[in-house]
Amino acid sequence: MKIKFPLMIAVLSWALFSCQPTVKKSADSIDAKVDSIVSLMTLEEKIGQLTLFTSDMDQTGAFIRKEYEEDIKQGRVGSIFNAYGAEYTRKLQKMAVENTRMKIPLLFGYDVIHGHRTIFPMPLAEAASWDLEIIEKSARIAAIEATAEGLHWTFAPMADVSFDPRWGRIIEGAGEDTYLASLISAARVKGFQGDNLSDLNTLVACVKHFAAYGASQAGRDYHSVDMSERMLREVYLPPYKAALDAGAMTVMTSFNDLNGIPATASKYLMTEILRDEWGFEGFIVTDYTSIMELMYHGVAADTLEASLLSINAGVDIDMQAGFYNTALTRLVETKQVDEELINIAVRRILKVKYLLGLFDDPYRYSSTEREATEIMTPEFIETARDVARKSIVLLKNENQLLPIDPATKTIAVIGPLSESRRDLIGSWSAAGDWAKSVTLLEGIKARVPNARILHAQGCDIDGKSKDGFAQAIAAARQADVVVLALGEAYWMSGEAASRSDIGLPGVQQQLAEAIHATGKPVVAVLMNGRPLTINWLDENIPAILQTWFLGTTTGNAIADVLFGDYNPSGKLPVTFPKNVGQIPIHYNMKNTGRPFDANNKYTTKYLDVSNEPLYPFGFGLSYTTFAYDEIELSKSSIGLEETLTVSINVANTGDFDGEEVVQMYIRDKVASVSRPVKELKGFKKINLKKGESQKVSFEIGLEALSFYRADMSFGAEKGDFEVMIGGSSVDTKSASFSLK
Ligand code: BGC
């Protein structure tokens with residue numbers, strides 16, 4: 001039954017909030033205020049706070065609800081996503097504040113994944129920079145732009161580790177490595193949330209998709225996940241935890257079931273791990289209609305049962321299903337749900353709104369002034385260009401074909417991605433305007449205005465037509481060098497974009513073969529959202545640049561690398577397989593009981609492909625060369641409480657100044673469980689002028705040596721270890737030490 005509170009109480013409660021200063025609120029005083037508001041709310045009003053609906057400004061899921069404005073006015077919704085713009089968010093906020101009894105402000109969320117207006121490289125590309133500082137900076141700029149347009153909350157970072165390039169969403173994460181992904185997740189959270197949630201440009205982070213979404217069976221999106229607890233805890237959970245430790249205030253459930261229990265109904269994940277073990281105090285939101293999907297998973301028969309499972313699991317907000325709205329009142333009335341459970345969820349949500357200062361001023365983020373001055377500033381564009389060029393990975397450079405001499409007379413720019421604009425900003429491009437992105441052709445023309453630039457598309461990204469081949473071949477024949485832009489369309493990766501064949505789509509390889517047959521030197525520029533099986537290119541094309549989808553400044557950033565204004569320094573955050581049959585393939589696999597031996601049939605291998613990937617994790621070339629000396633150890637054995645310093649001298653032995661990512665891997669040689677052949681445990685990105693050298697050191701302590709032991713306790717075991725340091729996971733120097 002709806003209880004009518006006198007208007008005065010509502011006004012008093014509002015006053016209670018609005019007279020508070022925005023900074024230096026003690027946790028106790030915030031809790032007390034939130035409690036007092038909750039005590040004044042009706043059950044319907046509370047349930048409204050547990051509901052998130054999309055506006056129709058953007059569509060990021062299967063369906064949208066047209067009546068969301070009415071929902072706001074009726075208090076049926078506490079947060080809105082896919083709505084941005086100072087004026088529009090102000091208009092919607094006004095509807096909430098002026099029409100509802102409690103006047104509780106809305107929270108505006110959006111998928112600000114790799115930039116808001118200024119689009120940065122896709123997250124997997126940024127991960128290839130191995131540069132935490134610029135990754136944090138990119139998230140900070142995204143937050144500044146998004147908050148200038150009324151947004152409070154981003155559904156990022158995605159912390160899902162994945163070994164499966166068929167899975168289109170691999171583009172949204174940091175790749176296959178837990179250690180790297182953990183550091184990157186934390187950097188992104190820091191960037192989004194800034195130093196103080198009450199600052200005007202703070203965007204609340206939502207770490208997703210909890211949990212293990214990246215292990216969807218066979219790389220098919222939304223598919224089931226079945227894995228051991230050891231694998232879950234050791235490989236998949238740490239990046240989410242790192243994001244929470246960095247302060248992420250919210251978590252999103254994943255679509256998949258984990259060992260039979262859909263995440264959105266998993267008390268184990270949402271309460272036991274997140275809250276009881278990790279002490280997470282923020283709120284949990286479902287992924288799009290996940291509560292409804294519990295029925296399709298076959299664990300709930302109807303709305304009531306699905307909602308009951310979710311609320312009991314510990315899920316606070318229902319995104320887009322509208323199930324909490326329909327079912328929770330009934331569940332409370334029939335005493336299947338204790339109202340206190342709902343109060344707890346509401347408190348978590350109101351606390352975030354309070355920390356953002358929305359109770360002081362619900363419109364504080366919706367500023368047309370900021371919107372006019374803090375979007376796509378020259379500084380942001382310049383930073384995006386810097387991040388973009390740092391995300392490029394040089395995969396091959398035979399006979400130093402790259403960099404191209406800027407004095408080259410004739411350059412042919414060929415391929416279906418050479419003039420593409422839309423593809424450059426990738427999937428999840430928020431409010432990014434693809435019309436503002438710089439194409440490869442434009443970038444090259446701007447860099448070498450005096451060169452003769454010939455252009456031909458050659459073929460479409462997908463499709464069978466070779467009609468454009470003749471023109472492309474003719475252009476190539478006249479050129480001194482060919483830049484051939486190949487890859488995927490933006491919609492071929494991201495959500496609901498799994499592929500079973502991860503080769504170049506359409507007739508692109510045939511185009512490459514035809515251009516190669518002209519005998520001209522060819523530089524392949526790859527634009528794609530996932531690792532591709534590009535064996536033919538690797539064997540035949542002398543220079544290959546992996547440029548992913550680099551965002552707004554793509555053409556300029558690639559030109560910086562092509563012509564040597566920037567020496568590429570990216571390293572792969574994910575393994576490139578030779579074929580789909582090798583998947584899952586990742587650098588940190590186990591040795592097995594029958595390690596590979598070419599001379600012994602009965603060892604782990606395939607009959608038709610080697611065990612080696614096409615390009616390994618951590619790999620990436622430079623225009624210069626780096627030489628690594630032998631590893632030096634400060635001691636050859638350490639006790640449990642001690643640390644050891646490992647150092648290595650790295651010299652720039654080539655002809656260019658350059659950056660190198662010095663990577664440190666560790667192997668536990670004998671343990672109570674079989675350990676990976678190597679695991680990344682440290683890295684440093686250094687800048688060396690040509691001829692210069694530098695000693696790079698890492699500290700190794702208990703943390704780097706710990707794992708889930710046979711009894712599932714976490715810790716290190718005494719014994720021998722190998723430490724490996726180098727410029728990729730397969731090219732390392734090694735030394736041994738022991739833990740006593
Ligand atoms: C995606 C999420 C996203 C949400 C809201 C879902 O379909 O899986 O990653 O945050 O939509 O747009």
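The values are calculated or read from the model by the stated rules, or taken from the named source; none is laboratory data. Small disclaimer: the values here were computed from a predicted structure and weren't measured. Cβ coordinates were reconstructed from backbone atoms using ideal geometry, including for glycine residues, and neighbour counts include every protein chain displayed. Note: accessible area is taken over every heavy atom of the protein model, side chains too, but ligands, DNA and RNA are not part of it. Shrake-Rupley method; radii C 1.70, N 1.55, O 1.52, S 1.80 Å.
Could you tell me the center-to-center distance, by alpha carbons, between the stretch 503-536 and the stretch 562-625 in angstrom?
Centre-to-centre (Cα) distance: 20 Å.
Once neighbouring chains are kept in place and the probe is 1.4 Å, which whole percent of the accessible area of the stretch 255-336 is contributed by carbon and sulfur?
Of all accessible area on the stretch 255-336, carbon and sulfur atoms account for 50 percent.
At 0.890 mPa s and 25 °C, plugging the Kirkwood radius over alpha-carbon pairs of the stretch 255-336 into Stokes-Einstein gives what diffusion coefficient in µm²/s?
Stokes-Einstein gives a translational diffusion coefficient of 196 µm²/s.
Once you have the alpha carbon radius of gyration of the stretch 391-582, what is it after dividing by 2.2 N^0.38 Å, with N set to its residue count?
Compared with the compact-globule rule of thumb, the stretch 391-582 sits at 0.95.
Quick one: Cα centre-to-centre distance for the stretch 704-740 and the stretch 127-191, in angstrom?
The distance from the Cα centre of the stretch 704-740 to that of the stretch 127-191 comes to 27 Å.
Based on Cα coordinates alone, diagonalise the gyration tensor for the stretch 154-263, multiply each eigenvalue by 5, take square roots, and list the semi-axes in whole Å, largest first.
In descending order the semi-axes read 25, 13, 12 Å.
Name the residue from Leu40, Tyr665, Asn611 whose Cα lies farthest towards the positive end of the charge dipole of the chain, charges +1 on Cβ of Lys and Arg and -1 on Cβ of Asp and Glu.
About the Cα centre, the residue reaching furthest to the positive side is Asn611.
For the pair Glu369 and Ala27, how long in nm is the line joining their label points, each one 7 Å along Cα→Cβ?
Output for this residue pair reads 3.5 nm.
Among Ile534, Ala96, Leu355, pick out the residue whose Cα is farthest towards the positive end of the charge dipole of the chain, where Lys and Arg carry +1 and Asp and Glu carry -1 on C-beta, about the Cα centre.
It is Ile534, whose Cα lies furthest towards the positive end.
Rounded, prolate or oblate: which fits the stretch 534-663 when a ≥ b ≥ c are the square roots of the eigenvalues of the alpha-carbon gyration tensor, with rounded for a/c under 1.5 and prolate only if a/b beats b/c?
Oblate.
In the stretch 387-526, carbon and sulfur make up what percent of the accessible area (probe 1.4 Å)?
Using a 1.4 Å probe with all protein chains present, the stretch 387-526 comes out at 46 percent carbon and sulfur.
How much net charge surrounds Gly298 when only other residues with a Cβ under 12 Å from its Cβ are counted (Lys, Arg +1; Asp, Glu -1)?
Its environment carries a net charge of -3.
Take peptides 131-137, 104-110 and line them up by average Cβ neighbours within 10 Å, highest first, as a rough protection proxy.
104-110, 131-137
Which shape class applies to the stretch 639-740: rounded if a/c is under 1.5, otherwise prolate when a/b exceeds b/c and oblate if not, where a ≥ b ≥ c are the square roots of the Cα gyration tensor eigenvalues?
It is prolate, given that a/c is not under 1.5 and a/b is the larger ratio.
Lys466 label point, 7 Å along Cα→Cβ, cut-off 17 Å on backbone N: hits in the stretch 513-527?
Of the residues in the stretch 513-527, 513-519 have backbone N under 17 Å from the label point off Lys466.
Quick check on packing: order 43-50, 210-217 by the mean number of other C-beta atoms within 10 Å, highest mean leading.
Peptide ranking by packing, descending: 210-217, 43-50.
Roughly how many debye, to the nearest 20, is the charge dipole of the chain about its Cα centre, given +1 on each Lys and Arg Cβ, -1 on each Asp and Glu Cβ, and no other charges?
280
Any idea of the accessible area per residue across the stretch 391-582, 1.4 Å probe, to the nearest Å²?
It amounts to 32 Å² per residue over the stretch 391-582.
Output the relative contact order of the chain, whole-number percent, from Cα pairs under 8 angstrom with separation of 6+ residues.
13
List, in the order given, every pair from Lys190/Lys689; Lys46/Lys241; Lys241/Lys267; Lys103/Lys351; Lys241/Lys335 whose Cα-Cα distance in the structure shown is over 24 Å.
From the list (Lys190/Lys689; Lys46/Lys241; Lys241/Lys267; Lys103/Lys351; Lys241/Lys335), the Cα-Cα distance tops 24 Å for Lys190/Lys689; Lys46/Lys241; Lys241/Lys335.
So, in nm, how far is label Val673 from label Glu333 when the simple model puts each one 7 Å beyond its Cα toward the Cβ?
4.9
Contour minus end-to-end for Tyr606 and Lys91, with contour as 0.36 nm per residue of separation and end-to-end as the Cα-Cα distance?
Gain on extension, Tyr606 to Lys91, equals 179.3 nm.
With the cut-off at 1.5 for a/c, could you classify the chain from its C-alpha gyration tensor as rounded, prolate or oblate?
Since a/c reaches 1.5 and a/b is larger than b/c, the shape of the chain is classed as prolate.
Apply 1/(1 + (r/R0)^6) to the Cβ-Cβ distance of Asn535 and Lys740, taking R0 = 56 Å, and write down the FRET efficiency to the nearest 0.05.
Approximately 0.75, to the nearest 0.05.
Mind giving me the FRET efficiency for Ser36 and Trp278? R0 is 22 Å, r the Cβ-Cβ distance, nearest 0.05 is fine.
For Ser36 and Trp278, the calculated efficiency is 0.20.
Give, as a single signed number, the net charge of other residues whose beta carbon lies under 15 Å from the beta carbon of Lys601, with Lys and Arg counted +1 and Asp and Glu -1.
0
Taking the Cβ-Cβ separation of Ser228 and Lys695 as r and a Förster radius of 35 Å, what is the calculated FRET efficiency to the nearest 0.05?
Result of the calculation: an efficiency of 0.30.
Can you tell me the length gained on complete extension of the stretch Asp597 to Lys66, counting 0.36 nm per residue apart and subtracting the Cα distance?
Contour length minus Cα-Cα distance gives 185.0 nm.
Could you sort the peptides 117-124, 272-279, 536-543 by per-residue average Cβ neighbour count (10 Å cutoff), highest mean leading?
Put in order of decreasing packing, that is 117-124, 536-543, 272-279.
On a full-extension model of 0.36 nm per residue, what is the gain between Asp199 and Asp711, subtracting their alpha-carbon distance, rounded to one decimal in nm?
In short, 179.8 nm is gained.
May I ask you to rank Thr653, Thr54, Thr334 by accessible area, largest first, using a 1.4 Å probe over the protein chains only?
Heavy-atom accessible area, descending, gives Thr653, Thr334, Thr54.
Quick query: amide H of Tyr615 versus all other amide H atoms, modeled in the peptide plane; which residues come in under 5 Å with a sequence gap of 5 or more or a different chain?
Phe576
Please tell me the relative contact order of the stretch 391-582 in percent, rounded to the nearest whole number, where contacts are Cα pairs under 8 Å and at least six residues apart.
33
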